[in-house]
Amino acid sequence: MSSLRPWFALKSVPGIGNLLFRRLVEQFGSPEAVLGADLPALQAVQGVTSRLAATIRRHRVPDAVDRELEAVLQKGYTIVTQTDPCFPPLLLQIPDPPPYLYIYGSLPAAGLNIAVVGSRNATEYGISTTRQLCMDLVRQQVNIVSGMARGVDTAAHSGAIAAGGNTVSVLGTGMDRIYPRENTRLFHQIAENGAVITEFSLGTGPDAHHFPARNRIISGMCHGTVVVEATGRSGSLITARLAAEQNREVFAVPGNIHSFKSIGTHTLIKEGAKLVMHAGDVLDEFQHIQPHEQEASTLPKPAMPPLTDDEAMVIDSLEADSVHIDDIARKLTLPPGRLSGLLLQMELKGLVVQSPGKRFCLTPGIDRQQLNQRNINQEVSSE
């Protein structure tokens with residue numbers, strides 16, 4: 001930890017932000033050299049005034065720095081600096097990377113990093129679509145990065161973990177201030193399947209201005225950013241804008257045109273973001289850097305059992321948004337018991353997804369028309 005002390009010492013100098021920190025280290029080679037430089041050399045650096053140079057020269061390391069480093073050691077976290085080989089390489093390409101990152105878990109060594117972000121108050125469609133998209137991506141050795149917020153972020157991490165992949169969460173708080181609290185279990189699961197990272201010191205709470213800063217790290221360490229659901233003023237749009245400014249790819253999943261939660265994603269598509277219907281739409285943009293080049297279209301797809309007449313009727317009754325079982329029963333004039341059994345069978349086949357409150361929708365990625373046409377073809381071939 002002694003090697004980290006100069007990094008924390010320089011960061012604690014009033015008036016030195018991330019951009020100037022990087023400029024100083026690039027000029028002098030290390031934080032130690034910056035702290036030991038003379039006034040003329042310091043003042044020669046762009047952005048360093050005579051007053052700031054004098055502040056650096058007389059700066060004494062606060063006791064809080066040693067307490068912080070000791071607490072990090074006791075809690076089992078690690079810290080990586082910009083000069084550490086483990087520091088996310090893409091993050092070094094943005095103008096103001098954090099001088100160091102707190103790490104809980106292990107950052108993925110290599111691979112394609114894709115950020116998946118969206119609404120905290122996501123619909124069932126947004127949650128199920130995010131989860132399925134992230135499961136499909138990690139099966140192609142993609143690392144999923146998100147912010148561990150409610151809604152889409154939580155679904156992104158959960159989908160990656162469920163498929164046995166790597167995921168990284170970037171916090172807008174200190175490592176010991178898990179936010180939201182209900183994601184405490186997820187916090188530890190992420191660390192077991194990747195890493196939780198933050199630039200904020202221990203004890204830092206979820207202040208509003210921390211999250212836009214957090215978002216630049218999410219987009220900055222990724223090759224591309226996917227937005228699943230977003231209102232017109234969603235924080236996810238900040239992440240997408242930052243990704244574009246960082247010269248990274250921006251993707252958006254279309255939603256219901258009548259839902260205000262799709263305004264943000266549809267605006268992104270209008271502005272040039274690539275429309276995403278499945279994992280292949282993302283992977284197509286990065287074939288040159290995938291660890292195992294293989295187009296999504298060539299992946300073997302699981303065989304799906306033929307539909308019964310009743311199942312086909314249920315498929316036709318489902319909509320993009322989830323529908324309550326009572327509404328489906330009224331529409332099809334089926335007894336509730338019979339319909340409940342059908343929906344259970346269809347869940348086991350992977351055809352439908354159940355949401356809380358006995359609501360059902362078609363599993364994301366399943367094309368209703370192709371499913372029905374395939375069923376017709378199977379019936380014809382069996383005659």
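Report the residue count in segment 180-220 for those that are under 23 Å from residue 245 (Cα atoms) and of a type in the set (Gly, Ala, Ser).
4
List, please: which pairs have Cβ atoms under 8 Å, are six or more places apart or on different chains, and start with a residue in segment 61-73 that is of a type outside the set (Ser, Thr, Tyr) and end with one that is open to solvent by 60 Å² or more (accessible area, probe 1.4 Å) and in a helix (DSSP H, G or I)?
So the pair list comes out as 61/5; 65/5; 66/5; 69/5.
Do we find a residue being in a helix (DSSP H, G or I) and either farther than 18 Å from residue 9 by Cβ or open to solvent by 50 Å² or more (accessible area, probe 1.4 Å) (or both) anywhere in segment 77-85? Quick ask: steps written out before the conclusion?
Just the residues of segment 77-85 that are in a helix (DSSP H, G or I), to begin with: none.
No, segment 77-85 has no match at all.
Of a type in the set (Lys, Arg), touching a Pro at 6+ places or on another chain (Cβ under 9 Å) and more than 21 Å from residue 216 (Cβ to Cβ): which single residue out of 139, 131 fits that description?
On the way: 139 fails: touching a Pro at 6+ places or on another chain (Cβ under 9 Å).
Sole residue among the options that is of a type in the set (Lys, Arg), touching a Pro at 6+ places or on another chain (Cβ under 9 Å) and more than 21 Å from residue 216 (Cβ to Cβ): 131.
Take the residues in segment 276-310 that are farther than 22 Å from residue 242 by Cα and of a type in the set (Val, Ile, Thr); name whichever of them is modelled with the lowest pLDDT.
298
Is it the case that residue 341 is open to solvent by 20 Å² or more (accessible area, probe 1.4 Å) and either at pLDDT 85 or above or part of a helix (DSSP H, G or I) (or both)?
Working: open to solvent by 20 Å² or more (accessible area, probe 1.4 Å): yes; either at pLDDT 85 or above or part of a helix (DSSP H, G or I) (or both): yes.
Yes, satisfied.
Is it the case that some residue within segment 164-183 is in a strand (DSSP E or B), of a type in the set (A, V, I, L, M) and buried (at least 24 other Cβ atoms within 10 Å of the Cβ)?
Filtering segment 164-183 down to residues in a strand (DSSP E or B) leaves 167-170.
Next cut, of a type in the set (A, V, I, L, M) only: 168, 170.
Remaining after also requiring buried (at least 24 other Cβ atoms within 10 Å of the Cβ): 168, 170.
Yes: segment 164-183 contains one or more residues that are in a strand (DSSP E or B), of a type in the set (A, V, I, L, M) and buried (at least 24 other Cβ atoms within 10 Å of the Cβ).
I'd like to know if segment 94-102 contains one or more residues that are of a type outside the set (D, E, K, R) and farther than 29 Å from residue 29 by Cβ.
First pass over segment 94-102, keeping only residues of a type outside the set (D, E, K, R): 94-95, 97-102.
When the remaining residues are screened for being farther than 29 Å from residue 29 by Cβ, the result is none.
No, every residue in segment 94-102 fails to be of a type outside the set (D, E, K, R) and farther than 29 Å from residue 29 by Cβ.
Of all the residues that make up segment 187-236, how many are among the polar types (S, T, N, Q), open to solvent by 30 Å² or more (accessible area, probe 1.4 Å) and farther than 24 Å from residue 110 by Cα? Spell out how you get there, then give the answer.
Step one: filter segment 187-236 for residues among the polar types (S, T, N, Q), giving 189, 193, 198, 201, 204, 215, 219, 225, 231, 234, 236.
If we keep only those that are open to solvent by 30 Å² or more (accessible area, probe 1.4 Å) as well, we get 189, 193, 201, 231.
Then keep just the ones that are farther than 24 Å from residue 110 by Cα; that gives 201, 231.
Count: 2.
Out of the residues in segment 1-31 that are in contact with a helix residue (DSSP H, G or I) (Cβ under 8 Å, 6 or more places away or on another chain) and of a type in the set (Lys, Arg), state the one that is surrounded by the most Cβ atoms within 10 Å (Cβ to Cβ).
In this case the residue turns out to be 11.
Report, by residue number, each residue of segment 320-338 that is under 30 Å from residue 257 (Cβ atoms) and assigned to a helix (DSSP H, G or I).
Within segment 320-338, 325, 326, 327, 328, 329, 330, 331, 332 qualify.
Return the residue satisfying two criteria in turn: it lies in segment 247-275 and is surrounded by 19 or more Cβ atoms within 10 Å (Cβ to Cβ) and in a loop (DSSP other than H, G, I, E, B), and of such residues it is modelled with the lowest pLDDT.
Checking each candidate, the answer is 255.
The values are calculated or read from the model by the stated rules, or taken from the named source; none is laboratory data. The structure presented is a predicted model; accordingly, all values stated were derived computationally and were not measured. No Cβ is skipped: glycine too gets one built from the backbone with ideal geometry, and neighbour counts run over all protein chains shown. Accessible surface areas use protein heavy atoms only, side chains included; no ligands, DNA or RNA. Shrake-Rupley method; radii C 1.70, N 1.55, O 1.52, S 1.80 Å.
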